[in-house]
Amino acid sequence: ALPTAPPVLEDIALVVPNSTSAAQVEAVIRKAGGDLLRDVKLFDVYTGDSIEAGYKSLAYALTYQGDETLSDKQVKRLRKKIIGAAEHQLQAKLRS
(Lines give C-alpha, C1' and ligand atoms only; values in the text may rest on other atoms or scores of the structure.)
Protein backbone atom coordinates (compact mmCIF):
# COMPACT_ATOMS: atom_id res chain seq x y z
CA ALA A 1 0.00 0.00 0.00
CA LEU A 2 1.15 3.51 -0.76
CA PRO A 3 1.72 5.86 2.19
CA THR A 4 -1.08 8.34 2.79
CA ALA A 5 0.96 10.82 4.84
CA PRO A 6 3.86 12.90 3.54
CA PRO A 7 7.39 12.19 4.77
CA VAL A 8 9.34 14.66 6.89
CA LEU A 9 12.97 15.05 5.83
CA GLU A 10 15.64 16.23 8.24
CA ASP A 11 19.43 16.26 8.34
CA ILE A 12 21.54 15.90 11.47
CA ALA A 13 25.31 15.92 11.92
CA LEU A 14 26.89 14.20 14.89
CA VAL A 15 30.48 14.54 16.06
CA VAL A 16 31.83 11.20 17.28
CA PRO A 17 35.24 9.74 18.15
CA ASN A 18 37.17 8.45 15.11
CA SER A 19 36.86 4.92 16.55
CA THR A 20 33.05 5.04 16.22
CA SER A 21 31.83 3.58 12.93
CA ALA A 22 29.07 5.05 10.80
CA ALA A 23 27.24 1.72 11.17
CA GLN A 24 27.25 2.07 14.97
CA VAL A 25 25.82 5.57 14.72
CA GLU A 26 23.17 4.45 12.24
CA ALA A 27 22.12 1.57 14.48
CA VAL A 28 21.61 3.92 17.44
CA ILE A 29 19.66 6.38 15.26
CA ARG A 30 17.40 3.63 13.87
CA LYS A 31 16.67 2.15 17.30
CA ALA A 32 15.89 5.54 18.86
CA GLY A 33 13.77 6.62 15.89
CA GLY A 34 11.52 3.59 16.10
CA ASP A 35 8.73 2.90 13.63
CA LEU A 36 8.37 6.53 12.54
CA LEU A 37 11.94 6.68 11.25
CA ARG A 38 11.61 5.18 7.78
CA ASP A 39 15.09 5.80 6.37
CA VAL A 40 18.60 6.83 7.42
CA LYS A 41 21.32 7.70 4.91
CA LEU A 42 24.87 8.81 5.62
CA PHE A 43 25.71 11.62 3.20
CA ASP A 44 28.85 13.26 4.60
CA VAL A 45 31.92 12.46 6.69
CA TYR A 46 33.99 15.47 7.69
CA THR A 47 37.23 15.95 9.58
CA GLY A 48 38.95 19.27 9.52
CA ASP A 49 39.82 22.47 11.32
CA SER A 50 36.39 22.95 12.89
CA ILE A 51 36.33 19.40 14.33
CA GLU A 52 38.41 18.50 17.38
CA ALA A 53 41.38 16.18 16.73
CA GLY A 54 40.43 12.53 17.15
CA TYR A 55 36.81 13.18 16.13
CA LYS A 56 34.77 13.21 12.92
CA SER A 57 31.41 14.60 11.89
CA LEU A 58 28.89 12.21 10.35
CA ALA A 59 25.88 13.77 8.62
CA TYR A 60 22.71 11.75 8.06
CA ALA A 61 19.53 12.38 6.08
CA LEU A 62 16.55 11.15 8.11
CA THR A 63 13.08 10.39 6.78
CA TYR A 64 10.20 10.27 9.25
CA GLN A 65 6.77 9.06 8.18
CA GLY A 66 3.70 7.83 9.98
CA ASP A 67 0.23 6.71 9.04
CA GLU A 68 -0.92 10.29 9.58
CA THR A 69 0.86 13.59 8.97
CA LEU A 70 3.44 14.13 11.70
CA SER A 71 3.26 17.32 13.72
CA ASP A 72 6.25 19.56 14.38
CA LYS A 73 6.03 18.51 18.01
CA GLN A 74 6.27 14.80 17.11
CA VAL A 75 9.28 15.39 14.87
CA LYS A 76 10.99 17.52 17.52
CA ARG A 77 10.42 14.75 20.09
CA LEU A 78 11.91 12.13 17.74
CA ARG A 79 14.93 14.32 17.01
CA LYS A 80 15.51 14.89 20.72
CA LYS A 81 15.26 11.16 21.41
CA ILE A 82 17.72 10.30 18.62
CA ILE A 83 20.24 12.92 19.73
CA GLY A 84 19.89 11.88 23.38
CA ALA A 85 20.52 8.22 22.51
CA ALA A 86 23.59 9.13 20.44
CA GLU A 87 24.95 11.30 23.26
CA HIS A 88 24.37 8.63 25.87
CA GLN A 89 25.48 5.55 23.93
CA LEU A 90 28.22 6.97 21.69
CA GLN A 91 29.38 10.14 23.47
CA ALA A 92 28.25 11.99 20.33
CA LYS A 93 27.65 15.72 20.13
CA LEU A 94 25.29 17.49 17.79
CA ARG A 95 27.30 19.54 15.32
CA SER A 96 26.01 23.08 15.09
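Quick rundown of the values:
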item	result
Residues that are surrounded by 10 or more Cβ atoms within 10 Å (Cβ to Cβ), more than 15 Å from Glu26 (Cα to Cα) and charged (D, E, K, R), drawn from the range 36-59	Glu52
Residue in the range 60-88 that is nearest to the chain's Cα centre (by Cα), counting only those that are among the polar types (S, T, N, Q) and surrounded by 15 or more Cβ atoms within 10 Å (Cβ to Cβ)	Thr63
Filter result (charged (D, E, K, R) and in contact (Cβ under 8 Å) with a residue 40 or more places away in the chain) within the range 49-78	Lys56, Asp67, Glu68
Search result, residues across the range 1-24 that are open to solvent by 70 Å² or more (accessible area, probe 1.4 Å), among the aliphatic types (A, V, I, L, M) and in contact (Cβ under 8 Å) with a residue 12 or more places away in the chain	Leu9
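The values are calculated or read from the model by the stated rules, or taken from the named source; none is laboratory data. Here the structure is a predicted model, which is why all the values come from computation and not from measurement. Please note: Cβ atoms are built from the backbone with ideal geometry, for glycine as well, and neighbour counts cover all protein chains shown. The protein model used for the area step is the full one, side chains on, heavy atoms only, and it has no ligands, DNA or RNA in it. Shrake-Rupley method; radii C 1.70, N 1.55, O 1.52, S 1.80 Å.
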